[in-house]
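Have a look at the structure below, then the notes.
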Amino acid sequence: MVLAVFVGAGAGGGSIVFRWLIMTFTRLFTGHDDYSDAHGAANSLVPGLGAYFVLLAPVVGGLVYGPLVDRFAKEARGHGVPEVMLAVTQRGGRIKPSVAVVKALASALCIGSGGSVGREGPIVQIGSALGSTVGRLARVAEGRTRLLVACGAAGGIAATFNAPLAGVFFAMELILSDFAIESFGAVVLSSVAASVIGRAAFGDVAFLSLPSFHIEHLVEYPLFALLGVAAGAVGVGFTRVLYLIEDACDWGWRLTRGPEWLRPAVGGLLLGGLLLVLPQMYGVGYPVLENATVGGYATGFLLVLLVGKVLATSLTIGIGGSGGVFAPSLFIGAMLGAAYGAGLHHLMPTGAGPAGAYALVAMGAVFAGAARAPITAVVILFELTGEYSIILPLMLAIVTATVTSRLLSRDTVYTLKLSRRGIDLTAPAPGARLGTQRVTEVMEALPRPLPADTPLEIAARLLAGSVHGVLPVVDAGGCYLGTLTARDAAEALAETPDTDRPAGLTAADLAEAPIPVTGDMTLAAALHGLMAATGSGLPVLNTERTDLIGWITHHGVLRCLGPGITG
């Protein structure tokens with residue numbers, strides 16, 4: 001707990017330095033605090049170039065951060081969160097200390113020189129590297145190091161966006177994928193420590209300045225649900241385009257046979273050309289986002305900004321830039337929602353509600369569609385805006401966006417980067433003693449199944465005498481129907497006296513289908529079902545999931561680790 005507080009405080013201090021670096025480099029490259037809202041103005045340091053300085057800004061920035069990343073920390077390239085997820089799941093939480101420094105400098109240079117990316121990926125990687133370093137210096141166990149990595153991520157998010165709850169849920173939902181009480185307590189302490197430091201530096205105000213919105217008609221809820229579907233599809237589309245353009249950049253650079261450190265500078269010419277046409281794409285772009293929510297742009301231009309952000313962010317990452325994809329997903333969502341709201345106002349002038357409300361809701365929905373982190377999306381949008389009045393449509397749209405995203409794609413914007421490299425975060429770590437074996441290697445003989453028509457009283461007696469406390473249930477043809485536990489059978493008999501019990505109540509009436517386990521699964525995959533099972537074992541099915549071929553138990557899984565483990 002003490003280390004968690006220390007890591008949180010460090011992440012809070014790191015967020016202050018990181019934001020200062022971004023502001024300093026932005027002023028240096030543009031002469032403005034945020035050039036996305038400068039309407040193509042000239043840089044006061046080089047007034048002779050006029051608005052054309054944006055052609056050179058990404059090139060100069062790339063010449064600085066390209067060699068920095070290539071020489072000292074190649075992990076700092078890209079949006080950072082996938083590398084943290086990989087370190088936690090398969091590398092024992094080990095992240096090089098140099099990543100924090102290199103990521104801060106590279107991302108600040110990238111954003112300051114025009115990179116159309118966000119702050120969340122860098123600050124997560126910076127805080128996580130700090131947590132990993134503290135864990136190794138303190139010589140804590142591997143599990144504690146992983147937890148400290150998550151503490152660093154939570155602290156970074158909390159301090160950067162004044163969002164302590166969002167920091168906690170980001171770390172729990174995306175980094176740890178675990179909501180254990182011990183983990184939750186440490187992450188909360190880290191988030192609180194970081195938030196205290198962040199608020200001392202930036203003030204206790206909502207990160208985004210948006211007007212209040214209210215739901216005026218019940219008919220708006222189906223409209224928000226439909227927006228969620230569209231946002232989920234846009235989130236998946238953003239993910240696909242991001243990696244498609246990254247592949248195109250990889251292919252093009254291989255043709256040049258140039259050194260990797262030069263890639264951001266050469267690619268910066270393309271990015272500069274895009275910024276010259278759409279200066280609103282410069283940097284993070286929060287002022288443009290806020291303007292869109294208050295109706296500052298025409299519907300057609302909102303769609304142009306949406307497409308422009310997808311291309312600008314994808315190109316920034318593709319040429320080797322460093323920055324996050326959270327802020328771009330918010331930007332894309334705001335443009336989608338504002339255009340959607342404006343269209344509804346044209347069709348339903350009195351019943352659609354304010355267009356800004358759709359923009360705000362779509363921000364969270366597109367992020368949920370891209371990252372598939374609904375809890376984080378709800379909490380972070382609430383904290384970023386301070387708007388509780390639209391929490392119901394926000395939740396509705398985020399859930400529909402998440403479901404739509406899951407139907408359209410197996411991977412998220414974070415996991416797709418790893419799966420394209422052949423890395424499965426759900427698989428056991430390389431060299432692990434447990435998890436790589438197939439279920440068929442450790443399964444036991446199948447206990448005698450219960451026929452579906454077995455009366456409940458007889459089924460209860462058979463289950464009471466079973467060593468597993470659970471038995472499979474099959475129909476007359478031997479097809480698997482589910483399982484029945486001794487507890488369920490006993491509770492059913494106790495709750496319904498003989499006089500009230502329905503006649504002919506059988507094993508099939510109480511059988512439930514647990515998470516299916518097949519013989520070709522790895523133990524790592526099968527353990528999810530086994531741990532969720534109410535009994536001490538589960539039936540093993542064939543690949544078609546129709547016939548029973550064996551039985552897997554906790555004892556059998558432990559036995560595969562070697563002699564003496566279960567003794």
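The values are calculated or read from the model by the stated rules, or taken from the named source; none is laboratory data. This is a predicted model, so every value here is computed, not measured. Note: ideal-geometry Cβ built from the backbone for every residue, glycine included; neighbour counts use all protein chains shown. SASA here: full protein model, heavy atoms, side chains in, ligands and nucleic acids out. Shrake-Rupley method; radii C 1.70, N 1.55, O 1.52, S 1.80 Å.
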Selection status of Gly118, open to solvent by less than 10 Å² (accessible area, probe 1.4 Å) and either among the aliphatic types (A, V, I, L, M) or under 30 Å from Val188 (Cβ atoms) (or both): yes
Which listed residue, of Phe382, Phe331, Phe367, is of a type in the set (Phe, Trp, Tyr), under 22 Å from the mean Cα position of the chain (by Cα) and at pLDDT below 90: Phe382
Criterion (more than 22 Å from the chain's Cα centre (by Cα), within 22 Å of Ser419 (Cα to Cα) and either surrounded by fewer than 24 Cβ atoms within 10 Å (Cβ to Cβ) or of a type in the set (A, V, I, L, M) (or both)) met by exactly one of Ala106, Ala138, Ala87, Ala73: Ala73
Given (1) open to solvent by 30 Å² or more (accessible area, probe 1.4 Å); (2) at negative phi; (3) in a loop (DSSP other than H, G, I, E, B); (4) among the small types (Gly, Ala, Ser), number of the condition Ala342 does not satisfy: (3)
Residue in region 39-62 that is open to solvent by 60 Å² or more (accessible area, probe 1.4 Å), free of Cβ contacts under 8 Å to residues at least 24 places away in the same chain and within 36 Å of the chain's Cα centre (by Cα) present: no
Qualifying positions in region 143-179 - within 25 Å of Phe207 (Cα to Cα) and not hydrophobic (A, V, I, L, M, F, W, C): Gly152, Gly155, Gly156, Thr160, Asn162, Pro164, Gly167, Glu173
Residues that are among the polar types (S, T, N, Q) and not in a loop (DSSP other than H, G, I, E, B), drawn from region 511-540: Thr518, Thr522
Residue in region 79-88 that is outside any helix (DSSP H, G or I) and under 29 Å from Tyr286 (Cα atoms) present: yes
Residue among Leu274, Leu226, Leu255 that is closer than 13 Å to Thr313 by Cα, out of contact with any Cys (no Cβ under 6 Å at 6 or more places or on another chain) and open to solvent by 10 Å² or more (accessible area, probe 1.4 Å): Leu274
In region 146-183, residue surrounded by the most Cβ atoms within 10 Å (Cβ to Cβ) [restricted to those that are closer than 14 Å to Leu3 by Cα and at pLDDT below 90]: Arg146
